1. Name the shape class, rounded, prolate or oblate, that the alpha-carbon gyration tensor gives for region 56-197, where a ≥ b ≥ c are the square roots of its eigenvalues, rounded holds for a/c under 1.5, and otherwise prolate holds if a/b is larger than b/c and oblate otherwise.
2. Less than 18 Å apart at the alpha-carbon level, and either on another chain or at least 8 residues along: which aspartates and glutamates does that give for LYS177?
3. Give me the lysines in straight-line cross-link reach of LYS165: C-alpha distance below 17 Å, same-chain residues under 8 apart excluded.
4. Let me know the charge dipole size of the chain about its Cα centre in debye, to the nearest 20, where only the beta-carbon of Lys, Arg (+1) and Asp, Glu (-1) is charged.
5. To the nearest 20 debye, what charge dipole does region 98-169 have about its Cα centre, counting +1 at the Cβ of each Lys and Arg and -1 at the Cβ of each Asp and Glu?
6. Test of the criteria: in region 5-89, which GluC sites (Glu not before Pro) are in a DSSP loop and have at most 16 other Cβ atoms within 10 angstrom of their Cβ?
7. Given 0.36 nm per residue, what is the gain on full extension from LYS126 to ASP88 after removing their alpha carbon distance, in nm?
8. Starting from 0.36 nm per residue, how many nanometres of slack lie between LYS214 and ASP59 once their C-alpha separation is accounted for?
Amino acid sequence: MATVLVLGATSDMGIAIAKKFAENKYNIQLAARNPDQLKPAQSDIAIRYSVDCTLHAFDALNFSSHERFFNELVPKPDVTISVFGIMDDELTAFDDWNTTARMINTNFTGAVSILNIAAKYYMKEKKGTIVGISSVAGERGRESKLIYGSAKAAFSAYLAGLRNKLYKQNIHVVSVKPGFVYTRMTENLSLPKLLTAQPSEVADAVYNAVVKKKNIIYVKWFWRYIMLIIKNIPEFQFKKMNL
């Protein structure tokens, strides 16, 4: 039975993704900074789906601990999914470097650190799958998502480069761009219903992308065309817009 590692498993998307893979008979490794918070989810997944479900302490910002964390996983995951991320208030981030650094290091640096380690293991095995949850916010720099969007842009570029690097090694890399999602991170935002996905929709999309070996997926298909329009607005006009 294959094993899936979910990094950032306390998130709504993380739990939904774990349940989707467990439903399809994957063993689950839930990793988070506070794994004790995941005990109810662990019990539910193990009992409901009759799979192994283990808890692991993982801190995205403690880069020096990442290699030891991965080396101690038994068994090693066949699929590694990076779900963790943070979206602080952009005005606060612009004014306060500590907030900026936390957003960049959580959304980009921490993800690169742990996924590099997973990638090197998969290269030795000549097989494996890596999934990164990025964002449509990274497709063009905007005032309203200055720091978050730029960190996700970097993460998307990293996943694309990793896919290019690992393809020859029989390793599959998936970039996921959910658009708006109803989660605790966005509960204070007024989101357009038509454009906003449920965590379960993200989970379905991720599972299908892994099984069908897709490269880049938009959870709501029309985000691909929304962002295509936004990316093609001329810069002389775009810079005047409130986006």
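Any read-out appearing in this document is the output of simple, stated calculations on the displayed coordinates, not a laboratory observation. All of these numbers come straight from a predicted model, not from anything done at the bench. Every residue, glycine as well, gets a Cβ built from its backbone with ideal geometry; the counts of neighbours run over all protein chains shown.
1. prolate
2. ASP12, GLU139, GLU201, ASP204
3. By straight Cα distance, LYS165 reaches LYS120, LYS124, LYS126, LYS127, LYS213, LYS214.
4. Numbers: 31 positive and 21 negative charges, 223 e Å.
Dipole of the chain, to the nearest 20 debye: 1060 debye.
5. 280
6. Here the sparse-neighbourhood loop sites are GLU72.
7. Gain on stretching LYS126 to ASP88: 9.9 nm.
8. That pair, LYS214 and ASP59, stretches by 53.0 nm at full extension.
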